[in-house]
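The values are calculated or read from the model by the stated rules, or taken from the named source; none is laboratory data. Note that the structure is predicted; figures quoted are calculated from it, not measured. Please note: Cβ atoms are built from the backbone with ideal geometry, for glycine as well, and neighbour counts cover all protein chains shown. Note: areas computed on protein heavy atoms with side chains; ligands, DNA, RNA excluded. Shrake-Rupley method; radii C 1.70, N 1.55, O 1.52, S 1.80 Å.
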Amino acid sequence: DAGVTQSPTHLIKTRGQQVTLRCSPKSGHDTVSWYQQALGQGPQFIFQYYEEEERQRGNFPDRFSGHQFPNYSSELNVNALLLGDSALYLCASSPQGQNNSPLHFGNGTRLTVT
Amino acid sequence: AQSVTQLDSHVSVSEGTPVLLRCNYSSSYSPSLFWYVQHPNKGLQLLLKYTSAATLVKGINGFEAEFKKSETSFHLTKPSAHMSDAAEYFCVVSDVGGTYKYIFGTGTRLKVLA
């Protein structure tokens, strides 16, 4: 049973460019969350998707957007990249309706903006 | 607003000695609390969770944590450290009754000395 898978594992972009990160949730999970982890910091919540809609959002600008597909997979898009967007981006999944079910995390995508 | 504070950014122990990683939380409600571990260049792995059942929670790899409401603490312990325990540890609080958003502490880096 595959866990949460993310692609690509590493990515290098230039300031001003746009990037798309992808995530497939754990089998049986229908809710996907995205987190940004800057170097030496704890992960910060970006947003969560359920039933193809953004359900809750953290304190991130509109440059950060996402999408969830009918098969529950998800994409994170970042426009107009800044140097400060360099971070590890983590995807996490969970099953809706199971209160307090812990999040399962992927290994992340390491984004470097130059 | 909910928050967590990890009291030590770095902890060093000798192999075979006890481990104590400290976490204090702030929550207006009865919280759900978690400990996650992150090995270098990896995602986050759940160690244990507290969701208002038993106050002493046992997790994987010999770790356990005790929820103390009076002290608003959720410290992580292990009787005997192993070299493989060297990693970053995160204390996490989530919304009551849901998995909408995790709030992470800043992390504690555990070093295990031979």
Every residue in the stretch A:51-72 that is within 27 Å of A:Thr14 (Cβ to Cβ) and more than 14 Å from chain B (Cβ to nearest Cβ), please.
A:Pro61, A:Asp62, A:Arg63, A:Phe64, A:Ser65, A:Gly66, A:His67
Tell me, yes or no, whether the stretch B:67-89 has at least one residue that is touching a Ser or Thr at 6+ places or on another chain (Cβ under 8 Å), within 23 Å of A:His104 (Cβ to Cβ), more than 10 Å from every other protein chain (Cβ to nearest Cβ) and not in a helix (DSSP H, G or I).
yes
Among the residues that make up the stretch A:85-99, is at least one of them within 11 Å of another protein chain (Cβ to nearest Cβ), in contact (Cβ under 8 Å) with a residue 40 or more places away in the chain and open to solvent by 40 Å² or more (accessible area, probe 1.4 Å)?
yes
Which of (1) touching a helix residue (DSSP H, G or I) at 6+ places or on another chain (Cβ under 9 Å); (2) open to solvent by 10 Å² or more (accessible area, probe 1.4 Å) is the odd one out, the single condition B:Leu110 does not satisfy?
(2)
Tabulated pairs, the stretch A:31-50, first closer than 13 Å to A:His67 by Cβ and facing chain B (nearest Cβ under 7 Å), second open to solvent by 10 Å² or more (accessible area, probe 1.4 Å) and basic (Lys, Arg), C-beta under 9 angstrom, 6+ apart or interchain
A:Gln48/A:Arg55; A:Gln48/A:Arg57; A:Gln48/B:Lys101
Looking at (1) touching a Lys or Arg at 6+ places or on another chain (Cβ under 7 Å); (2) at pLDDT below 95; (3) open to solvent by less than 40 Å² (accessible area, probe 1.4 Å), can you tell me which one A:Val78 breaks?
(2)
Report, ordered by the first and then the second residue, all pairs with beta carbons closer than 6 Å, sequence separation of six or more or different chains, a first member in the stretch B:4-30 that is open to solvent by 70 Å² or more (accessible area, probe 1.4 Å), and a second member that is of a type in the set (A, V, I, L, M, F, W, C).
B:Glu15/B:Ala81; B:Glu15/B:Met83; B:Glu15/B:Val112; B:Glu15/B:Ala114; B:Arg22/B:Leu7; B:Tyr29/B:Val96
Qualifying position, being of a type in the set (Ser, Thr, Tyr) and in contact with a strand residue (DSSP E or B) (Cβ under 6 Å, 6 or more places away or on another chain), among A:Ser27, A:Ser73
A:Ser73
How many residues does the stretch B:37-59 hold that are more than 26 Å from A:Gln36 (Cβ to Cβ), within 12 Å of the chain's Cα centre (by Cα) and aliphatic (A, V, I, L, M)?
1
Among A:Ser27, A:Ser93, which is assigned to a strand (DSSP E or B) and small (Gly, Ala, Ser)?
A:Ser93
Number of the condition not met by B:Ser12 [criteria: (1) part of a strand (DSSP E or B); (2) polar (S, T, N, Q); (3) closer than 20 Å to A:Pro43 by Cβ]:
(3)
Against the definition (open to solvent by 50 Å² or more (accessible area, probe 1.4 Å), in contact with a Leu (Cβ under 6 Å, 6 or more places away or on another chain) and more than 10 Å from B:Leu21 (Cβ to Cβ)), how does B:Glu71 come out, yes or no?
no
